[in-house]
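The values are calculated or read from the model by the stated rules, or taken from the named source; none is laboratory data. From a predicted model like this one, the values you see are computed outputs, not experimental measurements. Positions of Cβ are generated from backbone atoms using ideal geometry, with glycine treated the same way; all protein chains shown enter the neighbour counts. Calculation scope for accessible area: heavy atoms of the full protein, side chains included, ligands and nucleic acids excluded. Shrake-Rupley method; radii C 1.70, N 1.55, O 1.52, S 1.80 Å.
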Amino acid sequence: MVKVLGSVAILLIVLARTVLSYDRPGTRKNLVIHPSNEDDPTSPDQVHISLVGPDKMRISWITQSSIMPSVVYGTVSGKYESSANGTSSSYHYLLIYRSGQINDVVIGPLKPNTVYYYKCGGPNSTQEFSFRTPPSEFPIKFAVSGDLGTTEWTKSTLEHISKWDHDVFILPGDLSYANAYQPVWDTFGRLVQPLASQRPWMVTHGNHELEKIPILHHHPFTAYNQRWRMPFEESGSTSNLYYSFNVYGVHIIMLGSYTDFEPGSEQYQWLENNLKKIDRKTTPWVVAVVHAPWYNSNEAHQGEKESVKMKESMETLLYKARVDLVFAGHVHAYERFSRVYQDKFDKCGPVYINIGDGGNLEGLARKYKDPNPEISLYREANFGHGQLVVENATHAHWEWQRNDDEVSVQKDSVWLTSLLADSSFKI
């Protein structure tokens, strides 16, 4: 956002659906990344993968010309024993932008903890990619960071994450910060491709994905829904804006802060049913992800409907289901809370972690409330990422790594015990 001094008015960015009243120093310049092979319009661009069900993977990429959306793959480099075809689409935004062909192909069944080599567009494609499927036993490793953007800080965060051997990446909303300027989505796809083509990226939306402009563009989430298709159908959801998935031993619920969440809404009813179907013998850990945080002692984003009203609607559902952990973004800083319910410490409540510190162009939210609430155990305004290692059915280790230029520095860590492990809790 832009803060203008004196008598000049504040520029309101409708897409963000919020007005910011704090300074955000420490920004770094936005990157612009062009296609690596501009001479070949069929060359795969912006490749990323995501989980589909227990043993499949969605391969997504963009080409500048029309192709048959197909993927060849196998467990030996250069030898592709399997193939699959998929679907393609494209979209217009206003009258000035048309995307390339967006290709989606689901491959599988796949073996757990196995490296697969693949080519997008068939065996004649010039570039080979590879990914590793998550294991079917503990430990399971998740990298977590929200509010990424396309800045030099974003690049630094991604480089730090790439050095940690994780299984799945979780992004709690605000991906590209395109803010309606669609070429930024293309830069974002190219920036994350080195990681997102090797490990599944599971994302939810934030306010910067709305991109709805009165009169000019009526439909929200156009680019997000086209470019980042998640496995919502597999969890019984009717919308790409909220869904759930399993990774061995962990059930993860990706909620939508900027779609209807009131009691009686489709998302609310879906969440109720989803929580009832969880088998804690199969997935002893339950994690939820939102964009707008329900607990937040930073001065930024206080009192917003997407935080306050969504918490009023859904906090009790998560509490009664004994959700272990809730990740959020939106606030450009890091904060970890104790187990909380209705604003107080509660040993039966989830641990809340705000991690909207991926590196976006708006900078950091540096001002916190004083005094520090008792339920807030650690808070720091810096860019970084989180590492969650689910060691077994009862214990997990969380740590937050702060970006310090070229070095990733551990600043916060804690051992977590699953609520299932306490026999006094009724689940």
Check: Looking at P220, P41, H251, which one has the Cα that reaches farthest to the positive end of the dipole of the chain (charges on Cβ: Lys, Arg +1; Asp, Glu -1)?
Finding: H251
Notebook entry, point to check: What base-10 log of the normalised intensity I(q)/I(0) is obtained for the range 58-103 from the Debye formula, alpha carbons as equal point scatterers, at q = 0.27, 0.29 Å⁻¹?
Noted result: -0.97, -1.03
Notebook entry, point to check: Given the protein chains as shown and a 1.4 Å probe, how many square angstrom of L195 are accessible, to the nearest 10?
Noted result: 30 Å²
Next item on the list: Past 32 Å, Cα to Cα, is the threshold; run K276/K309; K281/K369; K56/K155; K305/K367; K163/K320; K56/K276 against it and keep the listed order.
Entry: K281/K369; K163/K320
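What Kirkwood hydrodynamic radius do you get for the range 140-281 when you take the inverse of the mean 1/r over all pairs of distinct Cα atoms, in Å? Display every interim value, and only then the final one.
Numbers: mean 1/r = 0.0618 Å⁻¹.
Result for the range 140-281, one decimal place: 16.2 Å.
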Checklist line | Along principal axes, Cα extents of the range 87-147, largest first, whole Å | finding: 50, 36, 20
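I need the peptides 330-340, 155-165 ranked by packing, meaning the mean over residues of other C-beta atoms within 10 angstrom, with the highest value on top.
Numbers: 330-340: 24.6, 155-165: 17.2.
Order by mean packing, descending: 330-340, 155-165.
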Checklist line | Cα convex hull volume per residue for the range 217-300 (Å³) | finding: 139 Å³
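Taking the range 24-116 on its own, what percent of its Cα-Cα pair distances exceed 15 Å? Provide the component values of the computation, followed by the final result.
On the way: 2947 of 4278 pairs.
Of all Cα-Cα pairs in the range 24-116, 69 percent lie more than 15 Å apart.
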Check: How much of D370 can a 1.4 Å solvent probe reach, expressed as accessible area in Å² and rounded to 10?
Finding: 140 Å²
Next item on the list: Just add up the charged neighbours of I355: K/R +1, D/E -1, any other residue whose Cβ is under 14 Å from the Cβ of I355.
Entry: -3
Next item on the list: Please list the non-local residues whose amide H lies under 5 Å from the amide H of G206, H modeled 1.01 Å from N, same-chain partners needing a gap of 5 or more.
Entry: D174, L175
Notebook entry, point to check: Once amide H atoms are built 1.01 Å from N in the peptide plane, which residues 5 or more positions from S413, or in another chain, come under 5 Å H to H?
Noted result: W400
Margin query: Could you report the chain's accessible area per residue, 1.4 Å probe, as an integer in Å²?
Written below: 42 Å²
Item checked: Lys/Arg +1, Asp/Glu -1 at C-beta; the range 62-176 dipole; positive extreme among S66, Q101, W153 -> S66
Check: Cα-based Rg of the range 211-264 per 2.2 N^0.38 Å, rounded to two decimals?
Finding: 1.34
Next item on the list: Between beta-carbons, use under 15 Å as the cut-off and find the net charge around D104, counting Lys and Arg +1, Asp and Glu -1.
Entry: +1
Notebook entry, point to check: How big is the range 36-171 by the Kirkwood estimate over distinct Cα pairs, in Å?
Noted result: 16.4 Å
Item checked: Principal axes of the chain: Cα extent on each, largest first, Å -> 61, 61, 46
Note to self: Let me cross-check K309: its accessible surface, 1.4 Å probe, with only protein heavy atoms counted, in Å² to the nearest 10?
What the structure shows: 100 Å²
Next item on the list: Just need log10 I(q)/I(0) for the range 283-389 at q = 0.16, 0.19 Å⁻¹, Debye formula, equal scatterers on the alpha-carbon atoms, no solvent, rounded to two decimals.
Entry: -0.67, -0.95
